[in-house]
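Values in this text are rule-based calculations from the coordinates and carry no lab data. Treat the numbers as computed from the prediction; the structure is a model and nothing was measured. Here the Cβ is made from the backbone with ideal geometry for all residues, glycine too, and neighbour counts use every protein chain on show.
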Amino acid sequence: VETSSHKTGKFAYLVSSGFISEENLNSILLRESTEGVEIENIFIKEMKLKREDIGKSLELYYGIPYRGYSDGEILSENEFLGLNKNYLIKNNWTPLRKEKDKIVILIADPSDSKQQQICSLLNQMKAVDKKIEFRVGLKVDILDFINSESSNSDVQDNVVSYESGMSTLISELELEQHEKIALTDEEPPARREADEADSAIVRLVYKILFDAYQEGVSDIHIEPGSNEEPISIRYRKDGVCKVVQA
């Protein structure tokens, strides 16, 4: 959980540059903790601060370049690396672009632990064999990038997400578990409640059942694995068990 002093530091540039007084900032932080109001929304909608100025404050605090969204920018489907967009929205990050030697990730909280979790996820997915670089962005920037595709792509998003590979879904599930462990009772109940439609475990079960039906299998065997061993999934067809995920 972010402390008040931590968040004050994140927005120190706004105070030192005269965009907001320290008294007002502390008042906004109090509203966020007691009313559950998103601090970015207060800055942008109520105080009419520019995204670029808020982003500059985050850039100085984290030491990572800010990357905002510009009208007309569109991410293609393959930029998302097969990741479910609802999952990305919930976790406030998105792949931004792929280049010859690197992939750029836009994230609202580029702390070391978050960066490590995302790198671990992408490595487990074997989605990238390139250097991973991070940019800090506002949550609204990330949402705009994710929603930048055409309406046709958005309509098909649920289909795409359910057809993600098993290894992708398992990696997402592991990252979700890390994040749940990090949550505490001090956080609002709404944040702790899992959104069943977005959960990786729901999509994983759907994927397992869908593939089994398509292949005409008679049995599904799932071995949970451990910290050292990955989850194992086998299908039985015509009396023979075949490993489909290990």
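With the cut-off at under 20 Å, measuring from each backbone N in the stretch 78-102 to a point 7 Å along the Cα-to-Cβ line of Arg31 picks out no residue. Between Leu60 and Ile222, the simple label model (points 7 Å from Cα in the Cβ direction) yields a spacing of 4.9 nm. Taking one quarter of the surface of the C-alpha convex hull of the stretch 1-107 gives a mean projected area of 8.3 nm². Between Ser232 and Glu223, Gly225, the built amide H atoms are under 5 Å apart, and every one of these is 5 or more places off in sequence or on another chain. The modelled label-to-label distance between Arg97 and Arg236, using points 7 Å beyond Cα along the C-beta direction, is 5.2 nm. Here the average projected area of the convex hull drawn through the C-alpha atoms of the stretch 4-62 stands at 3.6 nm². Were the residues from Asn147 through Ile74 laid out at 0.36 nm apart, the gain over their Cα-Cα distance would be 25.4 nm.
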